[in-house]
Amino acid sequence: IPVFGPSAAAAQLEGSKAFAKDVMIAAGVPTARAYTCTDPESVGRALDQFGAPYVVKNDGLAAGKGVVVTDDRARAEEHARECGRVVIEEYLAGPEVSLFVVTDGEAAVPLLPAQDFKRAGDGDTGPNTGGMGAYAPLPWTSPGLVDEVMRDVVHPTLAELRHRGAPFSGLLYVGLAITANGPRVIEFNARFGDPETQVVLALLETPLAGLLHASATGTLAE
């Protein structure tokens, strides 16, 4: 049965923030500096090194709500305690962009980049959510953004996973911050992300089923 989607081993890119960081570092992918922490002492050292705003991510799956970004040191430490195992990162300043990439493990095809809005309230206020709405295309991004991300992020990541014996096929979701120093990866997901899917697929010219079938059968390059 042809299956669209990654193996359990490859899906750790989403299932474990620490695994994803390890893959990115090995592949030379531009991302935030980070530490994986499991005790209050290592948490304290990481928070001291990066300073505010503090970015504390639950290592495991948390339905898009496992990340706390705060200037409140006590809140950052509390989130780390609640999660047990966390990845603490330097803060990446800049607008966020989501890029969906369909891949069969070797060939990779980008869809249009999209942007979603995380905060629950108007004017980018309130708590972080899994996404309150999205739009595409993005007129403000540079024309070369997608090519750059494919070259510097997607293909090196796919090559590293092949090297580890866990080739990734399916939908690779690349969450990016467009910083002053260029795109940096915030996270990977192993699936279509909502709400961006709603705007990206509406602009797709190719029938979706054929694209997914090509990914599942290793014929995407054709």
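The values are calculated or read from the model by the stated rules, or taken from the named source; none is laboratory data. Not measured: the values here are computed from a predicted model. Here Cβ is always computed from backbone atoms with ideal geometry, including for glycine, and neighbour counts include all displayed protein chains. With ligands, DNA and RNA removed, areas are computed over all heavy atoms of the protein, side chains included. Shrake-Rupley method; radii C 1.70, N 1.55, O 1.52, S 1.80 Å.
If you go through region 151-162 and keep only what is open to solvent by 10 Å² or more (accessible area, probe 1.4 Å) and in contact (Cβ under 8 Å) with a residue 12 or more places away in the chain, you end up with ASP152, HIS155, PRO156, ALA159, GLU160, ARG162.
Okay, residues lined up against (1) surrounded by fewer than 18 Cβ atoms within 10 Å (Cβ to Cβ); (2) outside any strand (DSSP E or B); (3) modelled with pLDDT of 90 or more:
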{"residue": "TYR35", "(1), (2), (3)": "no, no, yes"}
{"residue": "GLY44", "(1), (2), (3)": "yes, yes, yes"}
{"residue": "LEU47", "(1), (2), (3)": "no, yes, yes"}
{"residue": "TYR91", "(1), (2), (3)": "yes, yes, yes"}
{"residue": "GLY94", "(1), (2), (3)": "yes, yes, yes"}
{"residue": "VAL97", "(1), (2), (3)": "no, no, yes"}
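Filtered by the rule that a residue be touching a residue at least 60 places away in the same chain (Cβ under 8 Å) and in contact with a helix residue (DSSP H, G or I) (Cβ under 6 Å, 6 or more places away or on another chain), region 13-27 gives LEU13, ALA20, VAL23, ALA26, ALA27. Against the numbered list (1) surrounded by 14 or more Cβ atoms within 10 Å (Cβ to Cβ); (2) more than 16 Å from the chain's Cα centre (by Cα), THR103 comes up short only at (2).
Checking GLU78, GLU82 one by one, the residue that is under 19 Å from ALA52 (Cα atoms), open to solvent by 10 Å² or more (accessible area, probe 1.4 Å) and without any contact (Cβ under 8 Å) to a residue 12 or more places away in the chain is GLU78 and no other. A residue that is assigned to a strand (DSSP E or B), open to solvent by 40 Å² or more (accessible area, probe 1.4 Å), within 23 Å of VAL68 (Cβ to Cβ) and not aliphatic (A, V, I, L, M) occurs nowhere in region 132-140. Just to verify a result, which residue in region 166-222, among those that are open to solvent by 30 Å² or more (accessible area, probe 1.4 Å) and among the charged types (D, E, K, R), is nearest to MET132 (Cα to Cα)? The residue in question is ASP194. For the structure I just gave you, tell me whether LEU212 is of a type in the set (A, V, I, L, M, F, W, C), touching a strand residue (DSSP E or B) at 6+ places or on another chain (Cβ under 6 Å), farther than 30 Å from ASP122 by Cβ and not in a loop (DSSP other than H, G, I, E, B). So LEU212 does not fit the description; no.
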